[in-house]
Amino acid sequence: MSETSETLVLVERHAGYRVLVLNRPDRLNAFNEPLHLALRAALGEAAADPDCRALIVTGAGRGFCAGQDLSARNFAPDVEPDLTRTLEAFYNPLVRQIRDLPMPLICAVNGVAAGAGASLAFHGDLVLAARSAKFLQAFAKLGLIPDAGGTWLLPRLAGRARARGMALLAEPINAEQAEAWGMIWRVIDDADLMAEAHRLAAHLASQPTYGLALIRRALDASETNDLDAQLAVESELQGEAGRTPDYREGVAAFLEKRPARFTGRRR
Ligand code: T3D
């Protein structure tokens, strides 16, 4: 089948959320430029849809994402690779787009996540991994450094020692190890992975979406702030949260001892 933007990322629409399926299974969903563009378009459309209040990203076939498609990296001897360009044109904008999503992102890691594919997985707000999945910092095998935010994520997720071990040795770690190290939310039996991802997405889609986006922003800001700066962020963002209809609804639902009916809207 020829690859088009429609086939490279399959978009499933569900009530309140979408599933984006990376769809180059013969290449374990490795990134080429068209896949980058298709994923960014799908993320952009989801972000612009007020009825989309959660996202799942997963992979077609037996892999989640094998990072950069290396068949597009077989450079002729007289060509000097310019990987700065590809990071600035493709990977960095993707990471920034994910960070700025107005809804939570669930990564359902159905199989191997390697290189930038592992970075993509770890950018999820909730990372679920099939018990058979593994994570591979493949970069060192190519003489490269972890990218797509990998050098930022790894020490924060796993700590200095484990980050260095994973990055320098480029040995895969399995899903249970990733869970034990606190790098992912939960390991799920393979057969149950997508059902659990859908359950979480449906739950998140019924929650105060704008407030959840503010939580993401606050937690992201905490990665670089000292306590005083973070207290200022909390004052500002809590002020915003307090002006949402969902805050009033949450309080009313509590006082009236009934389930809340959140709109997810800012106003
Ligand atoms: O270049 C830049 O723009 C800079 C940015 C870099 C970002 C990066 O992500 S660099 C890291 C790139 N990724 C890798 O180095 C991973 C390469 N793949 C692997 O190491 C292994 O395939 C896996 C460990 C991921 C899985 O191993 P296994 O044994 O389960 O599967 P396999 O047989 O190796 O792969 C299945 C097929 O997918 C195979 O094709 P074939 O032989 O059946 O026709 C394999 O070539 C293909 N494939 C897997 N990964 C890639 C790939 N083809 C192209 N690019 C890949 N990354």
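Structure data summary
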| read-out | value |
| --- | --- |
| Phi-based couplings in Hz for region 78-84 (Karplus 6.51, -1.76, 1.60; Gly and Pro marked x) | 8, 9, 8, x, 10, 6, 4 |
| Relative contact order (%) - region 119-175, alpha-carbon pairs under 8 angstrom, separation at least six | 49 |
| In order through region 208-218: 3J(HN,Hα) via Karplus (6.51 cos²θ - 1.76 cosθ + 1.60), integer Hz, x for Gly, Pro | x, 4, 5, x, 5, 5, 5, 4, 4, 4, 5 |
| Percent carbon-and-sulfur accessible area, region 209-256, ignoring ligands, DNA and RNA, probe 1.4 Å | 59 |
| Radius 13 Å from Cβ of Phe31, net charge of other residues (Lys, Arg +1; Asp, Glu -1) | 0 |
| Approximate shape of region 119-255 as ellipsoid semi-axes (Cα gyration tensor, √5λ), whole Å, largest first | 33, 22, 10 |
| Residue-normalised accessible area of region 209-256, given per residue in Å² at a 1.4 Å probe | 63 |
| Charge dipole of the chain about the Cα centre (unit charges at C-beta), most positive-ward option of Leu200, Pro81, Ala47 | Leu200 |
| Cα-projected label distance for Ser222 with Trp152, points at 7 Å along beta-carbon direction, nm | 1.7 |
| Counted charge near Leu219, where neighbours are those whose Cβ lies closer than 12 Å (Asp, Glu -1; Lys, Arg +1) | 0 |
| Helical mean residue ellipticity (222 nm; -39500 (n - 2.57) per DSSP H run of 4+; nearest 500) of the chain | -13000 deg cm²/dmol |
| Carbon and sulfur %, accessible surface of region 89-129 computed with the full protein complex present, 1.4 Å | 52 |
| Within the chain: Cβ-based charge dipole about Cα centre, in debye rounded to nearest 20 (Lys, Arg +1; Asp, Glu -1) | 560 |
| Whole-number accessible area per residue in Å² for region 10-122, which is evaluated in the context of all protein chains at 1.4 Å | 42 |
| Under-5 Å amide H pairs with His14, H placed in peptide plane, nonlocal only | Val19 |
| Projected label distance in nm at Arg96 and Glu12, using a 7 Å step from Cα toward the beta-carbon | 3.2 |
| Relative contact order, percent, the chain [alpha-carbon distance under 8 Å, six or more residues apart] | 16 |
| 13 Å beta-carbon shell around Pro155, net charge (K/R +1, D/E -1) | +3 |
| In region 196-267, the GluC sites (Glu not before Pro) that fall in loop regions by DSSP, at most 10 other Cβ within 10 Å | Glu223, Glu256 |
| Other-chain or far-sequence residues with amide H under 5 Å of Ala114's (modelled H) | Cys65, Ala66, Gly67, Leu136 |
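The values are calculated or read from the model by the stated rules, or taken from the named source; none is laboratory data. Computed from a predicted model, the values in this text were never measured in an experiment. Methodologically, a virtual Cβ is constructed for each residue, glycine included, from the backbone with ideal geometry; neighbour enumeration extends over all protein chains shown. Just so you know, the surface numbers come from the protein's heavy atoms only, side chains and all, with ligands and any DNA or RNA stripped out. Shrake-Rupley method; radii C 1.70, N 1.55, O 1.52, S 1.80 Å.
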